[in-house]
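The values are calculated or read from the model by the stated rules, or taken from the named source; none is laboratory data. These numbers come from a predicted model, not from an experiment. Here the Cβ positions follow ideal geometry from the backbone for every residue, glycine too, while neighbour counts run over all protein chains shown. Remember, those area values only see protein heavy atoms, side chains included, never the ligands or the DNA or RNA. Shrake-Rupley method; radii C 1.70, N 1.55, O 1.52, S 1.80 Å.
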Amino acid sequence: MMVPLALLVLGALAAALAPRLLARSDWLDREPVLALWLWQCVVVGVLMCCGLAMALSAAAASEAVRGNVFAPAPAGVVESYALTAYDRWAGPVAIALACGAGWTAVMLGREIIRARARRRQRRAELLVRAPLLPGEEPRADRLVVLEGDRPGAWWLPGATPRLVITTAALRRLRGRQLDAVLAHEQGHARARHDWLLHCASALATGFPQVPVFAAFRDQVHRLVELAADDAASRRFGRLTTALALVELNEDRGVFGPCPAQFAEVPRRVDRLLAPAARLPVWRRRRLTAAAALVPVVPVLIALVPALRVLG
């Protein structure tokens with residue numbers, strides 16, 4: 001039972017300390033794609049700690065589960081975990097972790113259902129405002145232009161994705177600025193940022209008291225926009241992308257006193273106009289490898305008794 005407890009302690013420490021440690025890092029805005037990768041690895045590592053602790057606790061509480069978990073293991077491995085010595089506490093711990101896993105699945109399912117409902121509603125509204133022409137077939141690369149007094153552009157994901165832009169945006173954006181806006185939205189689509197946002201929202205909604213999940217949701221919403229800005233700026237330049245952001249958001253009053261949800265737009269413009277130097281290639285590779293090892297640590301801890309026996 002010491003291994004499940006060690007996994008739970010590790011998961012709790014990671015959930016509590018990871019947001020603070022990452023908040024002190026000064027490179028996240030410079031490398032948003034790498035930052036997203038690191039956040040995902042941390043969250044997966046916390047979930048791995050809980051999942052492995054649940055499996056080992058259930059194995060300690062039930063012989064049937066123990067036989068399934070350790071079925072391919074050589075002789076002597078089961079004894080190395082000393083599961084039967086803590087079977088009194090194993091049952092409640094396994095049940096509590098199983099309830100948490102079930103609640104996570106419920107939250108994720110609810111988020112997917114709600115996202116599909118919102119997407120169907122938006123598609124129905126889009127079809128009313130921009131119906132298909134006679135003989136026109138739905139296409140994934142279809143660009144939809146809507147009449148609108150406010151500049152706007154967005155990507156509507158789904159089986160047949162749609163790139164939507166308003167006539168006000170077409171009047172305000174010129175040439176490469178329009179291309180930069182479209183590249184920004186296409187960057188969201190290629191990276192499947194919608195799925196990442198759904199997962200982050202489900203975890204934060206289901207476990208609002210867990211710091212790492214709440215921070216993950218907040219950071220994902222910010223970092224996906226920075227990553228899409230970089231995707232557009234690599235093709236059409238930082239100045240062009242910044243001017244496009246200004247043209248799209250100037251009428252919304254985001255460049256003065258504004259609500260917190262719009263405060264990121266001026267920061268994104270400043271970031272594009274005064275870019276910080278990217279991390280060296282060797283450091284990016286080192287951080288990528290280190291992040292990939294985070295979910296591996298719980299697995300190694302869970303295998304320590306078995307490795308001692310086999311070694």
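Would you mind telling me the share, in percent, of accessible area of region 1-92 contributed by carbon and sulfur at probe 1.4 angstrom? With neighbouring chains kept in place, the figure for region 1-92 is 67 percent.
Local charge for L22 was computed over the other residues whose Cβ lies under 13 Å away, with Lys and Arg +1 and Asp and Glu -1, and equals -1. Test of understanding: in a Gaussian network model of the chain with alpha carbons linked when under 10 Å, which of F213, F70, F236 would top the mean-square fluctuation ranking? Most flexible of the set in this elastic network: F70. Protein heavy-atom accessible surface, 1.4 Å probe, per residue over the chain: 55 Å². Computed from phi, the 3J(HN,Hα) profile of region 225-237 under the Karplus parametrisation 6.51, -1.76, 1.60 (θ = phi - 60°) reads 5, 5, 5, 5, 4, 5, 4, 6, 5, 5, 8, 10, x Hz, with x in place of Gly and Pro. Here's how it looks for T166: its modeled amide H is under 5 Å from those of L146, G152, which are all 5 or more places away or on a different chain.
Using alpha carbon centroids, what distance separates region 54-124 and region 1-52, in Å? Going from one Cα centre to the other spans 19 Å. Per-residue SASA remark: R252, around 100 Å² accessible (1.4 Å probe; ligands, DNA and RNA not included). Placing a pseudo-label 7 Å from each Cα along the Cα-to-Cβ vector at V9 and R110 gives an inter-label distance of 3.4 nm.
Of R30, R271, R286, the residue with the greatest mean-square motion in the GNM of the chain, using alpha carbon springs below 10 Å, is R286.
Computed from the C-beta positions of R284 and T167 and an R0 of 30 Å, the FRET efficiency is 0.15 to the nearest 0.05. Put +1 on the Cβ of each Lys and Arg and -1 on the Cβ of each Asp and Glu in the chain; which of S62, T205, G76 then has its Cα farthest toward the positive end of the dipole? It is T205, whose Cα lies furthest towards the positive end. Taking the 1.4 Å solvent-accessible surface of region 140-231 as the whole, the part contributed by carbon and sulfur is 55%. Phi angles across region 153-158 convert, under the Karplus curve 6.51 cos²θ - 1.76 cosθ + 1.60 with θ = phi - 60°, into 3J(HN,Hα) values of 8, 7, 9, 9, x, x Hz, Gly and Pro given as x. Between A289, A14, A105, which gets the highest mean-square fluctuation from a Gaussian network model of the chain, Cα cutoff 10 Å? Checking each option, the largest mean-square fluctuation is seen for A289. Debye calculation, C-alpha points only, no solvent: report log10 I(q)/I(0) for region 199-256 at q = 0.17, 0.20, 0.22, 0.30 Å⁻¹, in the same order as the q values. Here the Debye-derived log intensity ratios amount to -0.71, -0.79, -0.82, -1.07.
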